[in-house]
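Asks: For reference, the structure I am asking about is given below.
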Amino acid sequence: MDEVDEIRIEVSILTEPKPLEYEDPEDLLESLRPMLDGVIIVEGIRRATFLPQVWERITSHSLFLSMLCEKASLPSDAWQTMKLEVYTYQVETIHEQQSPSE
């Protein structure tokens, strides 16, 4: 109960994911738009996503993709060694209203 006043709610409304066409790992890195794009990777039955907000903590494009691959239970270098399906999307974020005393 002591923490109830500290809880903040945020809702992210996602746009329809769109395929991201790329030629090679370097092209993939250059195609990503930090802070704008959420990214989904797919390899067979494995898939994972990071919301655009994740860019706030992971600013390196290559680390972002490596961690996303690990989240999908793929090797961290899968984005460099495999031709993954990649999709991007954007979000509209809605934050709860804070009271004037906060």
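Asks: Do the conditions hold for S12, that is, is it touching a helix residue (DSSP H, G or I) at 6+ places or on another chain (Cβ under 8 Å), at pLDDT 95 or above and among the hydroxyl-bearing types (S, T, Y)?
Replies: So S12 does not fit the description; no.
Asks: Quick check on the range 46-65: of everything there that is assigned to a strand (DSSP E or B) and in contact with a Gly (Cβ under 8 Å, 6 or more places away or on another chain), which residue is surrounded by the fewest Cβ atoms within 10 Å (Cβ to Cβ)?
Replies: Step by step, filter the range 46-65, then rank; the result is T49.
Asks: Kindly list, by first and then second residue, each pair from a residue in the range 17-28 that is among the aliphatic types (A, V, I, L, M) to a residue that is assigned to a loop (DSSP other than H, G, I, E, B) and surrounded by 13 or more Cβ atoms within 10 Å (Cβ to Cβ), limited to pairs with Cβ atoms under 7 Å and residues at least 6 apart or on different chains.
Replies: Final answer for the pair search is L28/Y22.
Asks: If you scan the range 1-33, which residues turn out to be part of a loop (DSSP other than H, G, I, E, B) and either among the acidic types (D, E) or under 14 Å from Y87 (Cα atoms) (or both)?
Replies: Hits for the range 1-33 are D2, E3, T15, E16, P17, L20, E21, Y22, E23, D24, L32, R33.
Asks: If V42 satisfies every condition in (1) over 22 Å from E10 (Cα atoms); (2) out of contact with any Asp or Glu (no Cβ under 6 Å at 6 or more places or on another chain) but one, which is the exception?
Replies: Here V42 meets the rest and fails (2).
Asks: Let me ask something else about it. Quick one: what pairs do we get from the range 66-87, first residue within 14 Å of I45 (Cα to Cα) and in contact (Cβ under 8 Å) with a residue 24 or more places away in the chain, second of a type outside the set (A, V, I, L, M) and in a loop (DSSP other than H, G, I, E, B), C-beta under 7 Å, 6+ apart or different chains?
Replies: From residues that are within 14 Å of I45 (Cα to Cα) and in contact (Cβ under 8 Å) with a residue 24 or more places away in the chain, the pairs are C69/P75; C69/S76; V86/Y22.
Asks: Let me ask something else. Kindly provide the set of residues from the range 66-91 that are at negative phi and assigned to a loop (DSSP other than H, G, I, E, B), ordered by number.
Replies: A72, L74, P75, S76, D77, M82, K83, L84, Q90
Asks: Quick one: is P25 under 29 Å from E96 (Cα atoms) and either in contact with a strand residue (DSSP E or B) (Cβ under 8 Å, 6 or more places away or on another chain) or at pLDDT 95 or above (or both)?
Replies: In short, no.
Asks: Here is a further query. Can you give me the number of residues within the range 34-45 that are under 16 Å from V91 (Cα atoms) and either free of Cβ contacts under 8 Å to residues at least 24 places away in the same chain or assigned to a loop (DSSP other than H, G, I, E, B) (or both)?
Replies: So the count comes out to 4.
Asks: Still on this model: Across the range 35-45, what is the total count of residues that are farther than 17 Å from K18 by Cβ and buried (at least 16 other Cβ atoms within 10 Å of the Cβ)?
Replies: Going through the range 35-45 one residue at a time, the tally reaches 1.
The values are calculated or read from the model by the stated rules, or taken from the named source; none is laboratory data. Keep in mind the model is a prediction, meaning the values are calculated, not measured. Positions of Cβ are generated from backbone atoms using ideal geometry, with glycine treated the same way; all protein chains shown enter the neighbour counts.
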